[in-house]
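The values are calculated or read from the model by the stated rules, or taken from the named source; none is laboratory data. All values derive from a computational prediction rather than experimental measurement. Virtual Cβ from ideal backbone geometry, glycine too; neighbours counted across all protein chains shown. Each accessible area value is taken on the protein alone, full model and side chains, heavy atoms only, with ligands, DNA and RNA left out. Shrake-Rupley method; radii C 1.70, N 1.55, O 1.52, S 1.80 Å.
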Amino acid sequence: MKKSCRINVRCTEEQMKKIMNKAEKASLSISEYALRSMLNGRSRVRKVKEESARQIVQLQQSLNLIESETKKGMIQGIMGMEDIYEGIIEIQEEVDGLWNLLR
């Protein structure tokens, strides 16, 4: 099949040298190496499911609350290590739930 489309990519000289070296090691032209990498490589961008996004928001809210309460408790001298430990356990449970959703 004849190739009729073109993609232009901007990069630094250092990035270009790395790409050229990798293409050479793979015994491919830069064009063929780039094409194979784009078609077969992994993307680091993931779509976050709605439930995952909700969990992330809840986790952030929990972290903010724990931070705020910890500061207040430490200033007033009423928050001990046990309270902080319980907060950490709560955060860990939130994180575990988030990881399970992302699997």
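Look at the stretch 85-101: where a residue is assigned to a helix (DSSP H, G or I) and a partner is loosely packed, with under 14 Cβ neighbours inside 10 Å, sitting 6+ places away or on another chain with Cβ atoms under 6 Å, you get LEU101/GLU51. When restricted to residues that are modelled with pLDDT of 75 or more, of a type in the set (S, T, N, Q) and either at positive phi or open to solvent by 80 Å² or more (accessible area, probe 1.4 Å) (or both), the stretch 32-58 contains 1. Restricting attention to the stretch 8-21, which residues are free of Cβ contacts under 8 Å to residues at least 24 places away in the same chain and open to solvent by 100 Å² or more (accessible area, probe 1.4 Å)? Across the stretch 8-21, the qualifying residues are ASN8, ARG10, GLU13, GLU14, LYS17, LYS18. Going by what's in this entry, would MET74 be described as touching a Gly at 6+ places or on another chain (Cβ under 8 Å) and at pLDDT below 70? Criteria not met by MET74.
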